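The structure appears below as structure tokens.
The values are calculated or read from the model by the stated rules, or taken from the named source; none is laboratory data. What you see is a predicted model; the values in this text were computed from it and never measured. Positions of Cβ are generated from backbone atoms using ideal geometry, with glycine treated the same way; all protein chains shown enter the neighbour counts.
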Amino acid sequence: MGRVLAYAGAVAVPLGAGVLLHLWGSWSMRSAQAVPTALAVLGGLVLAGLAAAAHNALFREGGGVLALVVLLAGLGAVWIEARDSRVRGATVSCVVVGKVRVTDHPTFGEGAPEAKRLYHHTLDCPGGRPKEFSWERRLGEAGAPVRIAYDPAGRMDPVPADENVARGALPVPAGLLLLAAGLSVASLRHELTGKGPRVP
């Protein structure tokens, strides 16, 4: 019975932690409640720490180090996926006011990316938000209508409405967490039975 529970834990810890972290990340970054970014990240770190502690509790001899590394990498990928899958919750039609200001932001060093040019628009929007908007292309001159997507809670920068799309990639974190589960099971099998290849 003890072995069955250990193997079940080896599978449940990475997969369960991944699901909980994704739920927390999605809720904290998309909910109507204005959860501060720092609190959202802190909650994610706490969940990752608890998952690492639960993973280590499975092993009597400290095995499964590689599985732990893959687990933490998978949880990091889960957080990135939750971040990239979010969309701004409000869209508003605005009008560009005054002259669009242009600033250049050079980069330095060999192999550095190209210099970035930003176009700063002053906007007149219903409700007064957002008041200013910077983007990598000019959206229009004074008087031009623009549609802007923004987060009412202020957790994300506004973007043009046509750029407000989810860009998450769930297969990557799912694959890492499944690999972590497989490595944990292999390490436990070696530790509990002394059979099979040793997994670091």
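Selection of region 100-116 for residues being closer than 19 Å to Val159 by Cβ, among the charged types (D, E, K, R) and modelled with pLDDT under 85 yields only Lys116. The one condition from (1) farther than 30 Å from Val19 by Cα; (2) without any contact (Cβ under 8 Å) to a residue 24 or more places away in the chain; (3) out of contact with any His (no Cβ under 9 Å at 6 or more places or on another chain) that Gly127 does not meet is (2). The residue list Val100, Val159 contains one member that is of a type in the set (Val, Ile, Thr), within 26 Å of Ala38 (Cβ to Cβ) and touching a strand residue (DSSP E or B) at 6+ places or on another chain (Cβ under 7 Å), which is Val159.
Table: residues versus (1) under 30 Å from Ala57 (Cα atoms); (2) out of contact with any helix residue (DSSP H, G or I) (no Cβ under 8 Å at 6 or more places or on another chain).
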position	(1), (2)
Leu118	no, yes
Pro126	no, yes
Arg129	no, yes
Glu136	no, yes
Ala149	no, no
Asp157	no, yes
Leu176	yes, no
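Without any contact (Cβ under 8 Å) to a residue 40 or more places away in the chain and either surrounded by 15 or more Cβ atoms within 10 Å (Cβ to Cβ) or touching a Gly at 6+ places or on another chain (Cβ under 6 Å) (or both), is that true of Cys94? Against the criterion (without any contact (Cβ under 8 Å) to a residue 40 or more places away in the chain and either surrounded by 15 or more Cβ atoms within 10 Å (Cβ to Cβ) or touching a Gly at 6+ places or on another chain (Cβ under 6 Å) (or both)), Cys94 does not qualify.
Taking the criterion of being surrounded by fewer than 21 Cβ atoms within 10 Å (Cβ to Cβ) and modelled with pLDDT under 85, the residues of region 179-200 that qualify are Arg189, His190, Glu191, Leu192, Thr193, Gly194, Lys195, Gly196, Pro197, Arg198, Val199, Pro200.
The set of residues in region 150-180 that are part of a helix (DSSP H, G or I) and farther than 16 Å from Leu21 by Cα comprises Ala161, Asp162, Glu163, Leu179. Inside region 133-178, residues that are among the acidic types (Asp, Glu), under 26 Å from Ser26 (Cβ atoms) and surrounded by fewer than 18 Cβ atoms within 10 Å (Cβ to Cβ) make up a count of 3.
Kindly indicate the residue of region 1-25 that is of a type outside the set (A, V, I, L, M) and modelled with pLDDT of 80 or more and also surrounded by the fewest Cβ atoms within 10 Å (Cβ to Cβ) among those meeting that condition. Give the steps one after another, and end with the answer.
First, the residues of region 1-25 that are of a type outside the set (A, V, I, L, M): 2-3, 7, 9, 14, 16, 18, 22, 24-25.
Restricting the remaining residues to those that are modelled with pLDDT of 80 or more gives 7, 9, 14, 16, 18, 22, 24-25.
Details: Tyr7: 17, Gly9: 18, Pro14: 29, Gly16: 14, Gly18: 26, His22: 21, Trp24: 19, Gly25: 23.
That would be Gly16.
Of the residues making up region 49-75, those that are in contact (Cβ under 8 Å) with a residue 24 or more places away in the chain, surrounded by fewer than 18 Cβ atoms within 10 Å (Cβ to Cβ) and either of a type in the set (D, E, K, R) or closer than 24 Å to Trp27 by Cβ (or both) are Leu50, Ala54, Arg60, Glu61, Ala73.
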